Amino acid sequence: MYKIVRFFLFKFDPEKVHYFTANLLNNILKVPGMKWLWRKTYSIEDVRLEKKLFGLTFKSPVGLAAGFDKNATMIDDLSHCGFGFIEIGTVTPKAQEGNPKPRLFRLQEDQAIINRMGFNNKGVDYIVENLKRKKTKIIVGGNIGKNTNSTDSEYIDDYKTNFSKLHPYVDYFVVNVSCPNVGSMATLQDKDFQIELLEELKAINENQSIQRPILLKIAPDLNKVQLDEVIEIVLTTKIDGIIASNTSTSRENLISSKDSLEKIGMGGVSGQPVKDRSTEVIRYLAEKSNKAFPIIGVGGIHSAEDALEKIDAGADLVQIFTGFIYEGPGLIKKINKALLARK
């Protein structure tokens, strides 16, 4: 059924379709009985799926990656789809429009997406108000970044502002320093900068009555030397884990024509083309660190087998994004059923 719906949705602009489907889901779930029916169709309630990590209990190891619900407007609706957790953002201190449109592109032959959204969101204060109004108790992560126009000297303050304001309303934090669409990547990728940033956030965290887990989101394009630095950063700062991985700037192994890719231009690739590389990064981090920290695996999960591959490589939890768009909410149930089959 979803593939029939997708056939028509994919005829239209991806960004417009995203907001259309969000509104459609919201309206469907307002119909009496539809929330129950939606959960019955797409959710599995089974304690064997629970995963305890970071001092939190995830009802399922399958989550929604950041970027889908940037402004925390869809949490209640998405909670009926079977997710164990939902990550919002990326959140910036000030509202920003992001990069010029068009900025979201489907590569259907590759089962992929290219985006250069540029952290478009309505700002941390708006998002906090939405979080205050949410009704579900599903675990929510806050993915935080900097404003595009911030100078180097303002980067850390941007992250600290987000962290302080979101702290009472999210269950864990993801420090996003790996998005290829916001400029100034050299500073964000610098090891000393990341250590300084994470130490600053930890200092804020330790002054709160409840400490929130802090994770670092990394790119799939890092080489082994850079991945060794990631391990060093985690062990030095004693943050809680890694999300591997973000979108890729690589255009290798794409089926889509060179002409079509040139027309699209810059942006991060997500979906099936990054599946293997993301899994390699997870495996390397897990093995090289002797599984010294938890890893959330994301990148190219379009089937239950893809998710199990990430878990076998060393991921403790998994997230989907592009696979959710291509495969629909039934994907979450398929992954959870496959996990239960292993119990």
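Read-outs: derived from the displayed coordinates by stated rules, not from any lab. Since we're looking at a predicted model, the values are computed, not measured. Because the Cβ atoms are built from the backbone with ideal geometry, glycine has one as well, and the counts that use them run over all protein chains shown.
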Quiz item: Can you pull the semi-axes for segment 20-161, root of five times each eigenvalue of the Cα gyration tensor, sorted largest first, whole Å?
Solution: 28, 19, 16
Practice problem: For the chain, set up a Gaussian network in which alpha carbons nearer than 10 Å are linked by springs, and say which option among T247, T90, T21 fluctuates the most. | Solution: T21
Self-check item: Choice from I86, I210, I301 showing the highest fluctuation, given a GNM over the chain with Cα pairs closer than 10 Å
Solution: I210
Self-check item: Hull-based mean projected area of the chain, where the convex hull spans the alpha carbons, in square nanometres
Solution: 16.4 nm²
Quiz prompt | Stretch gain in nm, segment A292-K35, where the contour uses 0.36 nm per residue and the Cα spacing is subtracted | solution = 88.5 nm
Quiz item: Around I320, which amide H atoms from residues at least 5 apart in sequence, or from another chain, sit under 5 Å from its own amide H, with H modelled in the peptide plane?
Solution: G63, L64, A65
Quiz prompt | Under-5 Å amide H pairs with V174, H placed in peptide plane, nonlocal only | solution = G142, N143, I144, L215
Quiz prompt | the chain, helix-only ellipticity at 222 nm - DSSP H runs n ≥ 4, -39,500 (n - 2.57), divided by all residues, nearest 500 | solution = -12000 deg cm²/dmol
Exercise. Check segment 268-339 and count each lysine pair with an alpha-carbon distance under 22 angstrom, considering only pairs eight or more places apart or from different chains.
Key: 11
Self-check item: Using alpha carbons only: equivalent-ellipsoid semi-axes of segment 125-190, gyration tensor based, whole Å
Solution: 25, 12, 10
Exercise. Rounded to whole Hz and in sequence order, give me ³J(HN,Hα) for segment 246-262 from the Karplus expression 6.51 cos²θ - 1.76 cosθ + 1.60, θ = phi - 60°, writing x for Gly and Pro.
Key: 7, 6, 10, 8, 6, 10, 5, 6, 8, 7, 3, 5, 4, 4, 5, 5, 5
Quiz item: Using only Cα atoms, what is the ratio of the radius of gyration of segment 226-318 to 2.2 N^0.38 Å?
Solution: 1.19
Quiz item: Calculated FRET efficiency, A95 and Q226, Cβ-Cβ r, R0 35 Å, to nearest 0.05?
Solution: 0.60
Quiz prompt | Dipole moment magnitude, nearest 20 debye, segment 1-100 about Cα centre, only Lys, Arg, Asp, Glu C-beta charged | solution = 260 debye
Self-check item: Antiparallel %, DSSP beta bridges [both residues in segment 39-341], to 5
Solution: 30 percent
Self-check item: 3J(HN,Hα) from dihedral phi, segment 297-306, Karplus parametrisation 6.51/-1.76/1.60, rounded to Hz, x for glycine, proline
Solution: x, 8, x, x, 7, 10, 8, 4, 5, 4
Quiz item: If you keep only loop residues by DSSP, which GluC sites (Glu not before Pro) in segment 211-301 have at most 13 other Cβ atoms within 10 Å of their Cβ?
Solution: E252
Quiz item: Which Rg and Dmax, in Å, describe the Cα atoms of segment 56-112?
Solution: 14.2, 40
Self-check item: Amide H contacts of N246 (H built 1.01 Å from N, under 5 Å, at least 5 apart or other chain)
Solution: I218, A219
Quiz item: Taking only the alpha carbons of segment 12-73, what extent do you get along each of the three principal axes, in Å, biggest first?
Solution: 39, 29, 18
Quiz item: Mind checking the dipole of the chain: about its Cα centre, +1 per Lys or Arg Cβ, -1 per Asp or Glu Cβ, Debye to the nearest 20?
Solution: 1560 debye
Quiz item: Given the pairs K11/K137; K202/K224; K137/K191, which are separated by over 30 angstrom at their Cα positions?
Solution: K11/K137; K137/K191
Quiz prompt | Cβ-derived FRET efficiency at R0 25 Å, K132 paired with T21, nearest 0.05 | solution = 0.50
Exercise. In a Gaussian network model over the chain where Cα atoms closer than 10 Å are linked, find which of K51, K165, K224 has the largest mean-square fluctuation.
Key: K224
